[in-house]
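First comes the structure, then the notes that go with it.
The values are calculated or read from the model by the stated rules, or taken from the named source; none is laboratory data. The structure displayed is predicted, hence computed values, not measured ones. Positions of Cβ are backbone-derived with ideal geometry, glycine not excepted, and every protein chain shown enters the neighbour counts. Side chains are part of the model used for accessible areas, which takes the heavy atoms of the whole protein and leaves out ligands, DNA and RNA. Shrake-Rupley method; radii C 1.70, N 1.55, O 1.52, S 1.80 Å.
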Amino acid sequence: MPPIDITQKLSHEVERLSFSPPITHIYNPLSYAWRSHAQYLKKYAHPNLEILLVGMNPGPWGMVQTGVPFGEVTLVRDWLGIEETVDKPACEHPKRPIQGFACPRSEVSGARLWGWARERYGTADVFSQRFFVYNYCPLSFMETSGRNFTPDKLPATEKKPLFELCDNALRDWVSWAQPRFIIGIGGFAEKRIQTALRDHPHNGSIGRILHPSPASPAANRGWAAAAETDLKTCGITL
């Protein structure tokens, strides 16, 4: 199954799920930001991939706005070469408006990850010859205050059906792309990769790199250097 079909199937499936308080708003950028996400897939997804980088879920100033994983606005537009019209979700949080490529905020995690890719590889085409960045869960959850609610904190009864769908999509991705390395961006993603692929035939080596979140003291001390060390520990030559 090609990426467009895998992604659309997952998008439709997760929208049938329901979630309880403290979650009040759920954004699915695979739906309202589909144009830019589809461009991302068409431009950069390819089979016989070397390294699949897997994040957790969309960030409020990254994929939530642009439809691209870790999609800090300026880097998606100016480096990845993607800028499409982004619609509004059905129920928009007043403190988390969707401004698309007009969003003035910069997502630190995305600026670090894609900024490193630009610094190390120069062009997005060269980077994509080896890497593809993917998010395990396509949904962004918010509380009444607008605070981000990460999927690892969901109750088991809501986590199970969501993770089953996300696991299936990840398995489909791995079957299609056949990556040599499947690398979690952070511990949550690594654990989900291990679980999803435990009984699924694949030839990829599973590993982890430090998450670039500003909430991580280690990432704030120099994420790019730490991530490169982690990649080398996974057996990846840069």
(request) Could you please give the count of residues in the stretch 105-118 that are over 17 Å from the mean Cα position of the chain (by Cα) and surrounded by 22 or more Cβ atoms within 10 Å (Cβ to Cβ)? (result) 0
(message) Give all pairs with beta carbons closer than 7 Å in which a residue from the stretch 162-183 that is within 9 Å of L52 (Cα to Cα) meets a residue that is of a type in the set (G, A, S) and open to solvent by 10 Å² or more (accessible area, probe 1.4 Å); count only pairs at least 6 apart in sequence or on separate chains.
(response) V174/G204; P179/G204; R180/G204; R180/S205; F181/G204; F181/S205; I182/G204
(request) Considering only the stretch 42-72, state which residues are over 9 Å from the mean Cα position of the chain (by Cα), within 14 Å of L139 (Cα to Cα) and of a type in the set (G, A, S). (result) G62, G67
(request) Kindly establish whether A90 is closer than 26 Å to P151 by Cβ, among the small types (G, A, S) and open to solvent by 60 Å² or more (accessible area, probe 1.4 Å). (result) yes
(request) Being under 18 Å from the mean Cα position of the chain (by Cα) and of a type outside the set (G, A, S) is the filter; apply it to the stretch 91-104 and report the residue that is farthest from N28 (Cα to Cα). (result) F101
(message) So in the stretch 167-215, with the set limited to residues that are modelled with pLDDT under 95 and either hydroxyl-bearing (S, T, Y) or within 16 Å of I236 (Cβ to Cβ) (or both), which one is surrounded by the most Cβ atoms within 10 Å (Cβ to Cβ)?
(response) G204
(request) Give the number of residues within the stretch 119-163 that are among the hydrophobic types (A, V, I, L, M, F, W, C) and either in a loop (DSSP other than H, G, I, E, B) or open to solvent by 30 Å² or more (accessible area, probe 1.4 Å) (or both). (result) 5
(message) Could you check the stretch 188-223 and list, in sequence order, the residues that are farther than 19 Å from L52 by Cβ and of a type in the set (A, V, I, L, M, F, W, C)?
(response) A215, A218, A219, W223
(message) Exactly one of these conditions fails for E72: (1) open to solvent by less than 40 Å² (accessible area, probe 1.4 Å); (2) of a type in the set (D, E, K, R); (3) closer than 22 Å to I4 by Cβ. Give me its number.
(response) (3)
(message) I'm told A218 meets every condition in (1) under 22 Å from W114 (Cα atoms); (2) open to solvent by 30 Å² or more (accessible area, probe 1.4 Å); (3) aliphatic (A, V, I, L, M); (4) within 17 Å of the chain's Cα centre (by Cα) except one. Can you identify the failing condition by its number?
(response) (4)
(message) Among (1) in a loop (DSSP other than H, G, I, E, B); (2) modelled with pLDDT of 95 or more, there is one condition A218 misses while meeting the rest; what is its number?
(response) (1)
